[in-house]
Amino acid sequence: MNPPRAALWYFFLLALVNLMWSAQGTAVKFLDRHLGPIAITFLPFYVTTLLLIPLLLRERRRNPAAQLSAADWRQFAAAGVGGQVLAQLGMTWGISKSLASNGAILNLLIPVITAVLASVMLRERLTRLRGVCLGLGLAGVFLMSVEDLRQSSFLRLGYLPGNSLILVGCCGSSFYNVYCKGLMQKFSEIEILIFSYVTASLASLPLLVWAEPIRWSAFSGFDWKAWAAFVFLALFMYGASMLLFFHVLRRLAVTVASASLYLVPVFGVLLAVTLLGERLNPLAVGGAVVVLVSTAAIMRYDAGAS
């Protein structure tokens with residue numbers, strides 16, 4: 001595949017991934033009347049892990065000689081616990097103790113944190129192009145987030161624990177992407193995803209049982225929207241989107257792939273307009289254009305670097 005066509009293909013895949021990620025908030029809203037935040041986070045996660053196991057078995061049959069060592073399991077545990085568990089718990093508990101607007105703003109730091117970690121852990125170069133595109137993307141999203149900035153409150157002491165947890169979640173998400181990129185030298189995308197999910201599931205299950213014991217009767221109160229949201233989280237949010245993201249991540253520098261995360265608020269605004277009838281303001285339109293241009297530029301001119 002020639003570079004321009006490859007760049008367009010990667011841009012399309014990452015846009016699809018971010019479209020799925022942007023719908024997470026809507027899905028959570030349909031479920032929060034029935035389940036607590038930790039259950040909403042991890043129950044679909046467990047279902048995804050179980051559903052992906054047949055893919056893992058097929059992958060292992062292709063390479064039966066590859067046995068996992070104790071060191072390999074420690075690496076998967078580092079990815080699952082230090083990445084997924086911290087990311088999910090940090091965001092879930094953080095927003096519950098802070099404001100959703102604070103979470104939206106702090107999430108904008110993920111591509112920046114990822115770029116720093118990638119330069120330290122993977123020796124990726126933070127080139128001028130990457131720096132400019134990250135800066136433009138951040139500026140574009142800030143234009144789209146004017147209302148969140150107005151509602152946010154970072155200086156109030158009461159929100160400090162929640163904001164700190166959100167920041168931990170952002171660091172966990174960035175660490176997961178960077179660390180898994182390093183594991184791709186030895187393991188396939190499916191192996192990394194599922195083995196890290198297994199360790200994350202085992203680590204989070206005691207917390208779920210302790211903090212939010214499952215009331216199976218809650219599922220009897222699900223309407224079709226709640227079931228659709230649960231299925232979406234299990235199949236698309238934790239499953240298909242991560243497989244696609246890892247597919248692209250194997251071929252691109254993690255700094256480049258993570259720059260696409262600025263598309264999440266773009267799609268979030270479009271979904272709000274389409275599904276909730278909200279109106280677009282000129283700043284949001286301008287910010288969306290800046291984000292699209294910066295993401296397209298880094299895909300077009302830097303997609304070949306890894």
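Please treat every number below as a calculation from the coordinates, not as lab data. All of these numbers come straight from a predicted model, not from anything done at the bench. With ideal geometry, Cβ positions are generated from the backbone for all residues, glycine too; neighbour counts draw on all protein chains shown.
Using a/c under 1.5 as the rounded threshold, could you call the stretch 100-140 rounded, prolate or oblate? The axes a ≥ b ≥ c are square roots of the C-alpha gyration tensor eigenvalues, and prolate needs a/b larger than b/c, oblate otherwise. Judged from the Cα gyration tensor, the stretch 100-140 comes out oblate (a/c at least 1.5, b/c at or above a/b).
Here the Debye sum runs over all C-alpha atoms of the stretch 157-293 as equal scatterers in vacuum, and log10 of I(q)/I(0) at q = 0.16, 0.21 Å⁻¹ comes out as -1.24, -1.34. Note on E59 and W227: with the Förster distance fixed at 30 Å, the Cβ-Cβ geometry gives a FRET efficiency of about 0.50. What the Cα atoms of the stretch 217-277 give is an Rg and a Dmax of 15.5, 45 Å. Spin-label model, A78/R250: points 7 Å from Cα along the beta carbon direction are separated by 2.2 nm.
Compute the signed sum of charges (Lys and Arg +1, Asp and Glu -1) over the other residues within less than 12 Å, Cβ to Cβ, of L56. Working shown, then result.
Numbers: positive: R58, R60, R61, R62; negative: E59, E189, E191.
Within the 12 Å Cβ shell, the charges total +1.
Please work out the FRET efficiency for the pair V209 and R128, using the Cβ-Cβ distance as r and a Förster radius of 45 Å; give the result to the nearest 0.05. Result of the calculation: an efficiency of 0.35.
Here the label points at V293 and A70, each 7 Å from Cα along the C-beta direction, are separated by 5.6 nm in the simple model. Relative to one another, the C-alpha centroids of the stretch 22-90 and the stretch 109-146 are positioned 26 Å apart. Computed from backbone phi with θ = phi - 60° and the Karplus coefficients 6.51, -1.76 and 1.60, the 3J(HN,Hα) list for the stretch 25-40 is x, 5, 5, 4, 4, 6, 9, 5, 7, 10, 10, x, x, 6, 5, 4 Hz; x is used for glycine and proline.
What's the FRET efficiency of S217 with W9 using the Cβ-Cβ distance as r and R₀ = 41 Å, to the nearest 0.05?
Details: r = 46 Å, r/R0 = 1.13.
For S217 and W9, the calculated efficiency is 0.35.
Could you work out [θ]222 nm for the chain from helices alone, using -39500 (n - 2.57) per DSSP H run of at least four and dividing by all its residues? Round to the nearest 500 deg cm²/dmol.
-23500 deg cm²/dmol
Evaluating 6.51 cos²θ - 1.76 cosθ + 1.60 at θ = phi - 60° for every residue in the stretch 55-60, the Karplus couplings come out as 5, 5, 4, 5, 5, 5 Hz, glycine and proline recorded as x.
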